[in-house]
Every structure is written in C-alpha cells, then in structure tokens.
Amino acid sequence: MADAYIVGAVRTATGRRKGRLSRIHPVDMGAIVVDELVDRTGVPTGGVDDVIFGVVSQIGSQAGNLGCMVALSSKLDAEVPGTTVDRQCGSSLQAIQFGAQAVMSGTQDVIISGGVEAMSTVEIGSNIRDGLEHGRGTPKGERLEMQYPGVQFSQFDGAELLAEKYGITREELDEFGLMSHQRAAAATEKGYFKTEIVPLNIKLEDGSADIHDADEGIRTDASLEGMQSLNTLREGGVITAGTASQISDGAAAVMIANEDAIARYNLPVRARIKALAVVGSDPVIMLEGPIPATRKVLEKAGLTIDDIDLYEVNEAFGSVPLAWVKALGADINKLNVNGGAQALGHPLGGTGAKLMTTLVHELERRQARYGLVAICEGGGTANAMIIERMDSTAH
C-alpha cells in the first residue's frame, strides 16, 4: 500500500456570525483555498484527480454538490471532478481520510480535500427545519425511534452528559475556555497563523474594501470573571456560550499526494499520513467518540499518547477535549496549543481541515514529529488521524 503525503494545507481566517465573511459565497471561499493550494504547490491545474469537500447544511448556497461547484469555481481544469461529504462536524476530516485512502490505494495520485461552512448564510439545522416546514419529514425514522424511543439527539445534552460522566466542573470549563482565547490571541500576536491563512479581499458593510487575514472571534480582553458571569445554556448545567464553539464562516483544504505525483510535479512534502480511524459511539452522549477514535488510531500507528507531540481536538464544547484528556491521560499542554473553536470558531464542514492545517504548520514551527487530530460528530461518530512531519525545504 502506498503512503499518502500532505503537500499543502491552507485555510481562511474564520469570520464571526454575520461578520466579515458573511458576504462571501461558500463556494467562492472553497475555490479560494483550492487556488491557493495550486499556487503554493505548483501542481498543474489538470493534475488533481478529485476535489472532496465537506459541508454540513446542504441547502441553498451549500446545495447542489458543493465540492463540484468548488472545483468548477477554481482555477482547476473543468475535467477535474468534485464531490461532497457530510459526516457532520468531521466532514472535512473525513474528506481528508477519503483522499488519503484514494492515494494509498493507488487508484488516484493527487486529491484536494477540504471543507467549508457559511453559517451566517446557511444557519445550522436549516436543512432539517426546511424539511419540517414543507412536510418532508424528520431525519429520525420509525426504525431509529424503535431503537431510541423518545430520544431527541442533542449535542447540547451530549456536552452536559460528557461533563457529568467525566466529572468536569463549571470552574474547569471556564478556565479552559479562557485559555482557548488566551492561546489564540497569543498565537495571532506572534504571527503563528500567517503562513496557514489565505488573506481574503472583502467588502465591508459600508462598501469599503478590506483584507480579512485574522480570526474574528478571538476575545483579547477575555477574563475569568467574564466567563464566570455567563449563564449556563440550560438550568442546572455547566456549559455556557463561553465554553461552546463559536458559529463561524470559513474554509480550509489540504492537498494529498503519493510519491509518484510528488516526483512528477516536484511537490513539497509536509507530512505523512501515518494512521487514520473512524468510529461510532453512543449517539445519546454523542460527543464521546474522539476517545475511542484516538485509541483506535494510536493502535493502528503503533504509538502511545505520550509519543504524540501535539493534539488538535475540536472544542465543539469545552467538555469534549477535557473529557478526552482525562480519559486518555493526555498532556493538556500539548492540546490545542494555539487555541480552539471556543475562540477561533467552528465552521462545521470546514473545521476538520482547518484543524489539520493548523497542526501541519505548528509541527513545522516546532520541528516536532507526530500530531493527532480528533473530532466529535453528530450521531456519535468521530474521526481521528495521526500525521508525521517530514523534512522538506520546498515549501
């Protein structure tokens, strides 16, 4: 089986809900990061075998096979196809996994995998609400109702159940949420994100032009007192708006290639995909999946958690990475070292590729070896992936 290598990884800076990116079409955002990968790697515009893009709310501007629309909107040749993946919050990490599997199998040589979500335009759950409003039914059919009678699957409930199961307190959550903002602010100030972010030309509400090149949701003035003053999202709970991920707009993509394509096109070699995994878990608690997914991917890689230099575990809610740390005995100082979704945002379909992009660049900055990404997903599934940084001067 061939190895799969990451030869490029880029993202947009995220935009807040109804913020600086809210006027950009999601397909255009996706095409911008695809074009940047082509420019940075020098791959021919006809040299990509497929574009695989994740997106969650497939309605309106995100409907009609967004992956294909992204490919057609980019500088890639019209002969390059595109397709769309929905594995909820892990959609673009699954896109990377599918791309890696295609390259590893030898059936394709170069894949662009990524994702996008324009949550300002296409609100979370809008596709489900549209179905209800037009009499098209709900995602829960009779057979699922028989297996989980009366259960309304909810990530908010799952976040609370996870905190309860792992003994995570409101105080721990508030401190972790604050740390996310502090780490993201420090990384931004030190310029750590500059190499991974594609600056976007935008129009502001007053019609003037500007460049968007910094994540919009970071609160540089965040304080523990401010976090503690927020009401919980439900009575008797521990999760607040400050310890949940931010609704965001954004896109990210990586280019994956095998050794033949790397030699043929003289591509830079950034990282090798060492192992990948996807699992199902209890759909009621829902957000616990990154724990078994991590155990599975570590076993496949022949590594322990102590062998991993950096982890990116999505902060859908603060209880997710905190439970992950407790369950695996992981080092919190290696976790989301430049902040997470509580500060940087969570553009659903694009988050997995966004986390992977940050991980690739931070491994390079630190000259570290192994990095791990894990992400929880609606329905209880979870993806995890381990990459190994490769020495390359071509990037």
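The values are calculated or read from the model by the stated rules, or taken from the named source; none is laboratory data. Being a predicted model, the structure only gives us computed values, none of them experimental. Quick reminder, even Gly has a Cβ in these numbers, built from the backbone with ideal geometry, and neighbours come from all protein chains shown.
Taken over segment 178-231, the criterion of being among the charged types (D, E, K, R) and assigned to a helix (DSSP H, G or I) is satisfied by 183, 189, 225. If you check 388, 312, 299 for being over 15 Å from the mean Cα position of the chain (by Cα), of a type outside the set (Ser, Thr, Tyr), in a strand (DSSP E or B) and under 21 Å from residue 94 (Cβ atoms), only one passes: 388. Screening residue 195 with (1) surrounded by fewer than 20 Cβ atoms within 10 Å (Cβ to Cβ); (2) more than 19 Å from the chain's Cα centre (by Cα) gives one miss only, at (2). Of all residues in segment 315-327, those being small (Gly, Ala, Ser), in a loop (DSSP other than H, G, I, E, B) and out of contact with any strand residue (DSSP E or B) (no Cβ under 6 Å at 6 or more places or on another chain) number 1.
Evaluate the following for residue 64: is it in contact with a Cys (Cβ under 6 Å, 6 or more places away or on another chain) and either small (Gly, Ala, Ser) or at pLDDT 95 or above (or both)? When the stated conditions are applied, residue 64 does not pass them. Can you tell me how many residues within segment 271-287 are closer than 19 Å to residue 92 by Cα and either in contact with a Lys or Arg (Cβ under 9 Å, 6 or more places away or on another chain) or part of a loop (DSSP other than H, G, I, E, B) (or both)? Number satisfying all stated conditions: 11. Step by step: first the residues of segment 356-385, then only those that are small (Gly, Ala, Ser) and in a strand (DSSP E or B), then the one that is surrounded by the fewest Cβ atoms within 10 Å (Cβ to Cβ). Which residue is that? Among those residues, the one meeting the criterion is 371. For segment 246-264, state whether one or more residues are within 16 Å of residue 178 (Cα to Cα) and assigned to a loop (DSSP other than H, G, I, E, B). Looking through segment 246-264, at least one residue is within 16 Å of residue 178 (Cα to Cα) and assigned to a loop (DSSP other than H, G, I, E, B).
Screening 78, 31, 102, 71 for residues that are in a helix (DSSP H, G or I) and either of a type in the set (S, T, N, Q) or more than 20 Å from residue 200 (Cα to Cα) (or both) leaves exactly one candidate, 102.
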